[in-house]
1. Applying the selection to segment 171-186, what residues are assigned to a helix (DSSP H, G or I) and touching a residue at least 24 places away in the same chain (Cβ under 8 Å)?
2. Let me confirm something: among 117, 95, which residue is surrounded by fewer than 19 Cβ atoms within 10 Å (Cβ to Cβ) and touching a strand residue (DSSP E or B) at 6+ places or on another chain (Cβ under 9 Å)?
3. Regarding residue 166, is this residue surrounded by 14 or more Cβ atoms within 10 Å (Cβ to Cβ), within 22 Å of residue 284 (Cβ to Cβ) and either free of Cβ contacts under 8 Å to residues at least 60 places away in the same chain or out of contact with any strand residue (DSSP E or B) (no Cβ under 8 Å at 6 or more places or on another chain) (or both)?
4. Residue under question is residue 203, and the condition is that it be modelled with pLDDT under 95, in contact with a strand residue (DSSP E or B) (Cβ under 8 Å, 6 or more places away or on another chain) and surrounded by fewer than 17 Cβ atoms within 10 Å (Cβ to Cβ); does it hold?
5. Can you give me the number of residues within segment 78-100 that are closer than 15 Å to residue 5 by Cα and part of a strand (DSSP E or B)?
6. As an exercise: evaluate residue 302 against (1) touching a residue at least 40 places away in the same chain (Cβ under 8 Å); (2) under 23 Å from the mean Cα position of the chain (by Cα) and give the number of the one condition it does not meet.
7. Suppose we filter segment 262-288 for residues that are crowded, with 17+ Cβ neighbours inside 10 Å and either free of Cβ contacts under 8 Å to residues at least 60 places away in the same chain or closer than 18 Å to residue 312 by Cα (or both); how many remain?
8. For segment 130-152, name all the residues that are under 19 Å from residue 105 (Cβ atoms), part of a loop (DSSP other than H, G, I, E, B) and touching a residue at least 24 places away in the same chain (Cβ under 8 Å).
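The values are calculated or read from the model by the stated rules, or taken from the named source; none is laboratory data. Here the structure is a predicted model, which is why all the values come from computation and not from measurement. Please note: Cβ atoms are built from the backbone with ideal geometry, for glycine as well, and neighbour counts cover all protein chains shown.
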């Protein structure tokens, strides 16, 4: 007899919220989770339409409809709220075991605690907390998820880029010793960029058309890596460049290491990791890839072995691909499932 599914809710039904729901229905998680509610300011008919049709991931592989104040997915009736504050939804009355925060609006402990005060038992962020102290734990599944004890109430699943690089950096630091790392993320466009030139409240570069230029942007990846791998504090440097593609990103890694290595043995080490502790999380390929090959790929990162280079035995250059939407939401599901298995 299967245990009763955990009741989860979603706050924010944009790119990550919708992909999270879709990943749940496309995976074996439906027996583990029941979606108790979705909170999204947009109207219900638009929510249903964007669930059915997705320009990046294709049509939803099931039935989607609209009920009386509810989204209907594969026979499940999911109540929908349109609140703009955490307190405006009676989360306690919904008996929600876990709320997945996908709006990206809330990042500090004071704002996140408002959800707990409104009746949520646990809150899982689909983005980093503003600081390490703003959450009880920052988790990259496959690296430190076993540290979750169940007593936490605010947990972050870090970022898509952090999920991609941390397992690889952890492996290489353990095997080769990392002295310095420079990480350059080539990231697909995001919805904080305009299609044509338009105002942005912080970054003049992001006033420019997303689909006409390669745009350097700020990134917190170095801080994110240091939260998960404090032994690399001060050794990781990162920059990010937005490129005019809709999905799938890459990370160019340049590392100076403490122990000698060559390209063949390095690729063998990386390939072995895909059947070892990071099986199902890291993949490896030497095919002549383009980014579109990894659209809808559930791995945290795919190592492009054909791009691996070692100079002078201690200067390493790697290329990682990752679906910045689909890979990440699958790790979000993994964290949710593991965390809820730990008794509160």
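1. Those that are assigned to a helix (DSSP H, G or I) and touching a residue at least 24 places away in the same chain (Cβ under 8 Å): 171, 172, 173, 175, 176.
2. 95
3. Details: surrounded by 14 or more Cβ atoms within 10 Å (Cβ to Cβ): yes; within 22 Å of residue 284 (Cβ to Cβ): yes; either free of Cβ contacts under 8 Å to residues at least 60 places away in the same chain or out of contact with any strand residue (DSSP E or B) (no Cβ under 8 Å at 6 or more places or on another chain) (or both): yes.
Yes; evaluated as a whole, the condition is true for this residue.
4. Values: modelled with pLDDT under 95: yes; in contact with a strand residue (DSSP E or B) (Cβ under 8 Å, 6 or more places away or on another chain): yes; surrounded by fewer than 17 Cβ atoms within 10 Å (Cβ to Cβ): yes.
Yes, satisfied.
5. As a first pass, look at segment 78-100 and keep what is closer than 15 Å to residue 5 by Cα: 78, 94-99.
Within this subset, residues satisfying the condition of being part of a strand (DSSP E or B) are 78, 98-99.
Residues that pass the stated criteria total 3.
6. (1)
7. Our first condition is that a residue be crowded, with 17+ Cβ neighbours inside 10 Å; within segment 262-288, this holds for 266-267, 270-271, 273-274, 278, 281-284.
With the extra rule that they be either free of Cβ contacts under 8 Å to residues at least 60 places away in the same chain or closer than 18 Å to residue 312 by Cα (or both), the set shrinks to 266-267, 271, 274, 283-284.
Final tally of qualifying residues: 6.
8. The answer is 135, and nothing else.
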